[in-house]
Amino acid sequence: MIEPREPKYQWGQPVQACIDLLNDGSYPEHAEQALLVETGTPGEIVQIGTHVESKLPVYMVEFQTGHVVGCLEDEIAPR
């Protein structure tokens, strides 16, 4: 069994998007693959979970666009 990895970032930490974040279907009011968050957009980590299969940390980030998006560590960076 794979043990969950400790999160690199903390709840409440300011971050920014490292890549353009697209709709994976989580936002039905937007087209699939529509741009939700542009690279460099600031946000804040509002929750941290763990992906069930990979046991990697998943960060719920509230971006200034108003979208809350689940991100992996390589999709965000500290501000």
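Rule-based calculations on the coordinates, nothing more; no lab input. A quick note: this is a predicted structure, and the numbers were derived from the prediction, not measured. When we count neighbours, we look across all protein chains shown, and the Cβ atoms used for this are built from the backbone with ideal geometry, even at glycine.
If only the Cβ of Lys and Arg carry +1 and only the Cβ of Asp and Glu carry -1, the dipole of the chain around its Cα centre is close to 260 debye.
Under a Gaussian network description of the chain, with springs only between Cα atoms under 10 Å, the residue in PRO14, PRO57, PRO28 that fluctuates furthest is PRO28. Among beta bridges identified by DSSP and lying wholly in segment 14-78, the antiparallel ones come to about 100 percent. When peptides 18-26, 39-47, 2-10 are sorted by average Cβ neighbour count within 10 Å, with the highest value leading, the order is 39-47, 18-26, 2-10. Put a dot 7 Å past the Cα of GLU29, heading toward its Cβ, do the same for GLU62, and the two dots end up 1.6 nm apart. Using the Cβ-Cβ distance between VAL46 and CYS18 with R0 = 22 Å, the FRET efficiency computed as 1/(1 + (r/R0)^6) comes to roughly 0.75.
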